[in-house]
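The structure appears right after this line, and notes come after that.
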Amino acid sequence: MVRQMASAAFLSEVSGDMGVSVDRLSAALHITKSELALAAGLSRDAVSKAARSRSIATQSRLREMSEIINRVIPWAGSELAAYAWYRSQPLPSFGDATAEELVRQGQGEKVRTYLGRIAAGGFA
């Protein structure tokens, strides 16, 4: 129960009135905006310029990344451990690509579906 509250708190922590906040997400993960751009498969301008960070495409990618990390927090134990999983854990169902690689390729929805299957007791 505590971990579920922590993961729900993560989404609240990184979101603002205009969607996922670049500043809040990078602060929560203890990374720079440049590192955030790389991890989400976005350009540096997409996360550093206010107008671009609010675009539908940028927000979609940041939301996918945030929701994937949020889903993994209860299993990983913390936000930082979930981010480490996102960046480095090979996913056998995707030819050992990481969640980060898949999000960068625009396949974040597939990762969310995969995690949903696992959460429901399915196999990878």
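What is the residue count in the range 95-116 for residues that are farther than 16 Å from residue 14 by Cβ and either without any contact (Cβ under 8 Å) to a residue 24 or more places away in the chain or small (Gly, Ala, Ser) (or both)? Of the residues in that region, 13 qualify.
Each row is one residue, and each column tells you yes or no for (1) more than 21 Å from residue 9 (Cβ to Cβ); (2) hydrophobic (A, V, I, L, M, F, W, C); (3) at pLDDT below 95.
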residue: 29; (1), (2), (3): no, yes, no
residue: 51; (1), (2), (3): yes, yes, yes
residue: 89; (1), (2), (3): yes, no, no
residue: 93; (1), (2), (3): yes, no, yes
residue: 118; (1), (2), (3): yes, yes, yes
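Within the range 104-113, how many residues turn out to be part of a helix (DSSP H, G or I), of a type outside the set (Ser, Thr, Tyr) and more than 10 Å from residue 65 (Cβ to Cβ)? Residues that pass the stated criteria total 3. Scanning the range 44-81 for residues that are touching a Lys or Arg at 6+ places or on another chain (Cβ under 9 Å), over 17 Å from residue 32 (Cα atoms) and without any contact (Cβ under 8 Å) to a residue 40 or more places away in the chain yields a count of 1.
Please enumerate the residues belonging to the range 14-27 that are surrounded by fewer than 17 Cβ atoms within 10 Å (Cβ to Cβ) and either over 13 Å from residue 63 (Cβ atoms) or at pLDDT 95 or above (or both). If the condition is that a residue be surrounded by fewer than 17 Cβ atoms within 10 Å (Cβ to Cβ) and either over 13 Å from residue 63 (Cβ atoms) or at pLDDT 95 or above (or both), then 17, 23, 24, 27 are the ones that fit.
Out of the range 114-124, which residues are surrounded by 11 or more Cβ atoms within 10 Å (Cβ to Cβ) and not basic (Lys, Arg)? Working first, answer last.
Kept after step one, since they are surrounded by 11 or more Cβ atoms within 10 Å (Cβ to Cβ), are these residues of the range 114-124: 114-119.
Passing the criteria: 114, 115, 116, 118, 119.
The values are calculated or read from the model by the stated rules, or taken from the named source; none is laboratory data. No experiment lies behind these values; they were computed from the predicted model shown. Cβ sites come from the backbone with ideal geometry, for glycine too, and all protein chains shown count toward neighbours.
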